[in-house]
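Shown next, in structure tokens, is the structure this report addresses.
The values are calculated or read from the model by the stated rules, or taken from the named source; none is laboratory data. All of these numbers come straight from a predicted model, not from anything done at the bench. Quick reminder, even Gly has a Cβ in these numbers, built from the backbone with ideal geometry, and neighbours come from all protein chains shown. The protein model used for the area step is the full one, side chains on, heavy atoms only, and it has no ligands, DNA or RNA in it. Shrake-Rupley method; radii C 1.70, N 1.55, O 1.52, S 1.80 Å.
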Amino acid sequence: MRAEGIRAKSVRKFKATTNSKHKYPVSENLLKQQFTAQRPNQKWVSDMTYIRSRDEAKASIFEYIEVFYNQRRKHSAINYKAP
């Protein structure tokens, strides 16, 4: 293998990234696995499980919209200005 310049593919060890055993409040599952919508904008989903309070979520969403999204998403339809 070495003479041919090839190596065995190594398997990465599984690493859990979510801690489900916590004492923080959990929001109710309003969607209940019903992903089909009858009309546009009826169901919006996101995974905010890693954000442990409402204030943190609000701050994170605000930062994404106002700092990242609005400043970087320029489009020809609006004369290359941020929305």
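For the range 11-45, what are the residues that are among the charged types (D, E, K, R) and in contact (Cβ under 8 Å) with a residue 12 or more places away in the chain?
Correct list: K43 only.
For the range 1-17, enumerate the residues that are within 20 Å of the chain's Cα centre (by Cα) and open to solvent by less than 100 Å² (accessible area, probe 1.4 Å).
A16
Within the range 44-57, can one find any residue that is at pLDDT below 80, within 30 Å of H22 (Cβ to Cβ), of a type in the set (V, I, T) and assigned to a helix (DSSP H, G or I)?
no
Please determine, by comparing only the residues of the range 23-42 that are of a type in the set (D, E, K, R) and farther than 19 Å from K58 by Cα, which one is most open to solvent (accessible area, probe 1.4 Å).
Here the residue is K23.
May I ask you to verify whether S20 is open to solvent by less than 100 Å² (accessible area, probe 1.4 Å) and either of a type outside the set (S, T, Y) or part of a loop (DSSP other than H, G, I, E, B) (or both)?
yes
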